[in-house]
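Participant: First the structure, which I've put down as structure tokens, then a few questions once you've had a look.
The values are calculated or read from the model by the stated rules, or taken from the named source; none is laboratory data. Because the structure is predicted, anything quoted here is derived from the model rather than measured. A quick note on method: Cβ atoms are made from the backbone with ideal geometry, for glycine too, and the neighbour counts reach across all protein chains shown. When the accessible area is computed, the model is the full protein with side chains, heavy atoms only, and any ligands, DNA or RNA have been set aside. Shrake-Rupley method; radii C 1.70, N 1.55, O 1.52, S 1.80 Å.
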Amino acid sequence: TNRYYQKTAIKSLVEWLNKKHRRGLLVLATGTGKTRVSISLCKLLTNNNWIKNILFLADRTELVNQARQNYENLLPSESMACLSEDDEPDLDARFIFSTYQTMINLIDEAKDEDGKIFSCGHFDLVICDEAHRSIYNKYKDIFNYFDAPLVGLTATPKDEIDKNTYEVFDLENGVPTYGYERAQAVKAG
């Protein structure tokens with residue numbers, strides 16, 4: 001990351017996680033590099049032996065593929081698999097990319113000796129792209145199933161009664177772990 005707010009976002013999130021919080025939300029304006037921030041966060045946490053296996057979730061295949069391409073470009077030595085696109089994905093890859101729909105189906109499907117494709121402790125970090133969409137109701141079960149820190153990325157969090165992004169991440173309404181809003185981005189050029 002090369003922008004001050006990206007570095008501050010990562011620092012804020014790491015400090016938050018270091019205080020034993022298990023969920024964090026980064027609210028960054030559209031075009032300010034949410035995926036880039038998540039890549040740098042993964043690299044930092046991996047290099048410091050905080051995490052090994054990462055799950056990246058999004059609600060659309062295009063977003064999953066776009067994220068995977070960015071991760072592969074910036075972390076070319078890491079193993080990666082896309083569950084919704086690869087014919088036979090490497091389930092032992094360090095980085096797994098999936099839509100919410102594919103992952104919820106895999107959680108519900110029995111495959112290994114314990115009855116699951118991924119155990120609840122398989123991932124050390126779960127990243128949710130566009131965390132204001134599709135993370136409520138049945139897809140929220142994904143976050144309850146995996147025993148891993150959860151990081152949400154969004155430009156537009158919701159605080160409605162039945163769709164509250166802050167609530168999913170155990171935060172007070174309107175108070176993300178770190179925020180760099182559109183007005184700040186426009187003012188900074």
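Participant: Any residue at all in the range 173-188 that's within 15 Å of the chain's Cα centre (by Cα), under 28 Å from W50 (Cα atoms) and aliphatic (A, V, I, L, M)?
Facilitator: If we filter the range 173-188 for residues that are within 15 Å of the chain's Cα centre (by Cα), which is where we start, we get 176-178.
Applying the additional criterion that residues be under 28 Å from W50 (Cα atoms) yields 176-178.
With the extra rule that they be aliphatic (A, V, I, L, M), the set shrinks to none.
Among the residues of the range 173-188, not one is within 15 Å of the chain's Cα centre (by Cα), under 28 Å from W50 (Cα atoms) and aliphatic (A, V, I, L, M), which makes the answer no.
Participant: Still on this structure, I have one more. Restricting to the range 144-164, name every residue that is farther than 21 Å from I54 by Cβ, among the polar types (S, T, N, Q) and not in a loop (DSSP other than H, G, I, E, B).
Facilitator: N164 - this is the single residue of the range 144-164 that is farther than 21 Å from I54 by Cβ, among the polar types (S, T, N, Q) and not in a loop (DSSP other than H, G, I, E, B).
Participant: Where residues in the range 157-169 are in contact (Cβ under 8 Å) with a residue 60 or more places away in the chain and over 14 Å from the mean Cα position of the chain (by Cα), which of them is surrounded by the fewest Cβ atoms within 10 Å (Cβ to Cβ)?
Facilitator: Looking at the filtered set, the residue picked out is Y166.
Participant: List the residue pairs whose Cβ atoms are under 9 Å apart, where the first residue sits in the range 1-17 and is over 11 Å from S40 (Cβ atoms), the second is aromatic (F, W, Y), and the two are 6 or more positions apart or on different chains.
Facilitator: Here the result reads Y5/Y178; Y5/Y180; T8/Y178; T8/Y180; S12/Y178; W16/Y178; L17/W50, each pair linking the range 1-17 to a residue that is aromatic (F, W, Y).
Participant: I've got another one for you. Among what's in the range 1-18 and is touching a Ser or Thr at 6+ places or on another chain (Cβ under 9 Å) and of a type in the set (V, I, T), pick the residue that is least open to solvent (accessible area, probe 1.4 Å).
Facilitator: I10
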